[in-house]
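Before any comments, here is the structure.
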Amino acid sequence: MRKTQVVIVGGGPSGLLLSQLLARHGVESLVLEKHTRAHVEGRIRAGLLESGTTELLSEAGVGAKMKREGLVHHGFLLAFAGRTHRIDLQGLAGRSVVVYGQTEIQKDLGDAAGEQVVWEARDVSIQGFEGRQPSVSYTKDGTTRTIACDFIAGCDGYHGVSRASVPPDRIAQYERVYPFGWLGILAEVPPVNDELIYANHPRGFALCSMRSRSRSRYYVQCPLTEKVEDWPDERFWGELKTRLPVDFAERLTTGPSIEKSIAPLRSFIAEPMRFGRLFLAGDAAHIVPPTGAKGLNLAAADVGVLYEGLAEYYRTGSERLLEEYSARALARVWKASRFSWWFTTLMHRIPEKGLDEALASKLQLAELDYLSQSEAASRAVAENYVGLPFAKA
Ligand code: FAD
Ligand code: PHB
């Protein structure tokens, strides 16, 4: 039976980043990804990186293109009641964020990974992680193989096999599915503003983001009952304009969409994140609604803690950091989930039984007005947005 030190299930950003960081510390790993490389690189997802994430990507040796092409943002705008309030990230929290698409990160990591990834590895199953000799089986081109390993990293996202393999009585799961989605489009048009705009509007939330100076990524809140086909480009642009303050709506450049999709919103946390020799990281362990852009950053932060633990184990034989992994990662995961839930609740129209929508909307506007007048409240937003620090090991 073939053997490696760490088998990583899932070749998304968490899996590939972990593999790259381990390689830099002389730890051997194999990534098993069920889809093709082209499919994984084609998924349009996150776009905003905290400085901790950019540092980790650089440490993994894949930061050069990001440093050249990423756009540094020192603040963002909150739009409500026809006006805007700027959150000065640099001034209030002393740090900035970088706009650089997940698709680009995925490509950079894929280029660096080479032979460490088995693309199109089907029917992955994991065994023996409660004992000392775990193994992972998969099928590729009709042949089934089993790999023995010291550890398994479950980086296979929300629908993956890793978390599903844990006996239900060993894991606690917390979940909220929000009663609306985000309709997102990508278009080859210059962004309406050089910083992001998060808009609260009576018709629902809108977000103006970007991927570069010539490519925009825009979102509007939509009912979950609607389909992409219900949203021809003209309807999308009209709705976005309605939800933005007039001066931005007038400046908005529209154009044909090159991608359009609807994403549901969910808060989900599984704990613990370690089960014997199986470690969960990224979306396999937690999902946040995208308001605040924490999903990819949390995944990277988990990987940052996990690789240090594995590297220390192979360097010294000590399991001390690995034993702390779950508690350290979760402490931060809960805080980022809290922020994402709070920001989502502040900015969206929430159609729910038992909730007076007019009352909820008035309370949101009062809070946004307070934020615009209170430096302390704005600083709390800025600190969370740029990413909270880790408790040091
Ligand atoms: P994933 O990216 O989900 O990667 C997991 C990988 O595991 C996938 O490649 C999958 O194919 C593979 N896999 C799954 N099951 C198996 C199996 N059984 N065997 C082998 N491989 C398997 N975050 C933001 O911050 N902003 C956004 O705007 C945003 N938009 C999003 C839109 C969508 C539609 C989704 C799904 C997520 C979005 N996110 C966003 C979240 C962000 O993209 C994720 O947090 C991030 O991708 C997490 O990375 P990951 O590697 O942990 O998981
Ligand atoms: C994005 O650019 O896709 C993006 C940016 C900020 C968010 C969510 C998504 O909060």
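Couple of notes before you dig in:
- Candidates 377, 360, filtered to the one that is over 25 Å from the mean Cα position of the chain (by Cα) and either within 16 Å of ligand 1 (Cβ to nearest atom) or under 27 Å from residue 182 (Cβ atoms) (or both): 360
- Close contacts from region 203-214, counting a first residue that is more than 12 Å from ligand 2 (Cβ to nearest atom) and a second that is at pLDDT 95 or above and in a strand (DSSP E or B), with Cβ to Cβ under 6 Å and a gap of 6+ residues or different chains, come to 204/221.
- Of all the criteria given as (1) away from ligand 1 (no atom under 12 Å from the Cβ); (2) in contact (Cβ under 8 Å) with a residue 12 or more places away in the chain; (3) surrounded by fewer than 20 Cβ atoms within 10 Å (Cβ to Cβ), the one not satisfied by residue 268 is (1).
- Filtered by the rule that a residue be in a loop (DSSP other than H, G, I, E, B), among the basic types (Lys, Arg) and in contact with a strand residue (DSSP E or B) (Cβ under 8 Å, 6 or more places away or on another chain), region 114-146 gives no residues.
- Residue check, residue 16 more than 16 Å from ligand 2 (Cβ to nearest atom), farther than 27 Å from residue 184 by Cα and either touching a residue at least 40 places away in the same chain (Cβ under 8 Å) or more than 18 Å from the chain's Cα centre (by Cα) (or both): no
- Looking across region 42-61 at every residue that is of a type in the set (Ser, Thr, Tyr) and touching a residue at least 12 places away in the same chain (Cβ under 8 Å), the one that is nearest to ligand 1 (Cβ to nearest atom) is identified as 53.
- In region 302-328, the residues that are in contact with a Phe, Trp or Tyr (Cβ under 7 Å, 6 or more places away or on another chain) and of a type outside the set (Asp, Glu): 305, 306, 309, 310, 322, 325, 328
- Residues (buried (at least 19 other Cβ atoms within 10 Å of the Cβ) and touching a residue at least 60 places away in the same chain (Cβ under 8 Å)) located in region 323-342: 328, 330, 333, 337, 340
- The set of residues from region 26-41 being touching a residue at least 24 places away in the same chain (Cβ under 8 Å) and within 11 Å of ligand 1 (Cβ to nearest atom) comprises 31, 32, 33, 34, 35, 36, 37, 40, 41.
- Just one of the listed residues (30, 92, 48, 77) is crowded, with 23+ Cβ neighbours inside 10 Å and not β-branched (Val, Ile, Thr), namely 48.
- Check on residue 165, in contact (Cβ under 8 Å) with a residue 60 or more places away in the chain, polar (S, T, N, Q) and within 13 Å of ligand 2 (Cβ to nearest atom): no
- Residues (within 16 Å of ligand 2 (Cβ to nearest atom) and assigned to a loop (DSSP other than H, G, I, E, B)) located in region 274-328: 288, 289, 290, 291, 292, 293, 294
- Checking residue 31 against (1) part of a strand (DSSP E or B); (2) touching an Asp or Glu at 6+ places or on another chain (Cβ under 6 Å), the condition it does not meet: (2)
- Residue tally, condition hydroxyl-bearing (Ser, Thr, Tyr), within 12 Å of ligand 1 (Cβ to nearest atom) and crowded, with 18+ Cβ neighbours inside 10 Å, over region 141-179: 1
- Here the condition is being over 18 Å from the mean Cα position of the chain (by Cα) and modelled with pLDDT under 95; of 354, 317, it holds for 354 alone.
The values are calculated or read from the model by the stated rules, or taken from the named source; none is laboratory data. Nothing here was measured: the structure is a model prediction, and the numbers come from that model. Reconstructed Cβ throughout: ideal geometry from the backbone, glycine too, with neighbour counts over all protein chains shown.
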